1. [x] 129; [y] 104; [z] 181: which one is volume of the Cα convex hull per residue in Å³ as calculated from this entry?
2. Once both axes come from the Cα atoms, what is the angle between helix 46-68 and the longest principal axis of the chain, in degrees from 0 to 90, rounded to 10?
3. Taking θ = phi - 60°, what integer Hz values does the Karplus form 6.51 cos²θ - 1.76 cosθ + 1.60 yield along segment 4-10, in sequence order, with x for Gly and Pro?
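Where a number appears in this text, it was derived from the coordinates with a stated rule and is not lab data. Since this is a predicted model, take the numbers as computed values, not measurements.
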Amino acid sequence: MTMNNVVASLQKEYSRLQSELGRVGKALAALGYSGGKHGVRRTLSKEARERIAEAQRRRWAQARKAAAK
């Protein structure tokens, strides 16, 4: 196999892979996946939401206390 044949073979494979990635991207888009970390939504349990809310209430209380001084 000559160098030209190797390059031609690699270019053909590159084109095939680009085409395949395009199809995968379309499938992901159809499923509503945006492709970034922000596209994945996790569902938090009720307990986790309550812990987060309580921690935020504590932060707000500290901020109000600091602002009152």
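1. For volume of the Cα convex hull per residue in Å³, the calculated option is [z].
2. With rounding to tens, the tilt is 60 degrees.
3. So the J values, rounded to whole Hz, are 4, 5, 5, 4, 4, 5, 5.
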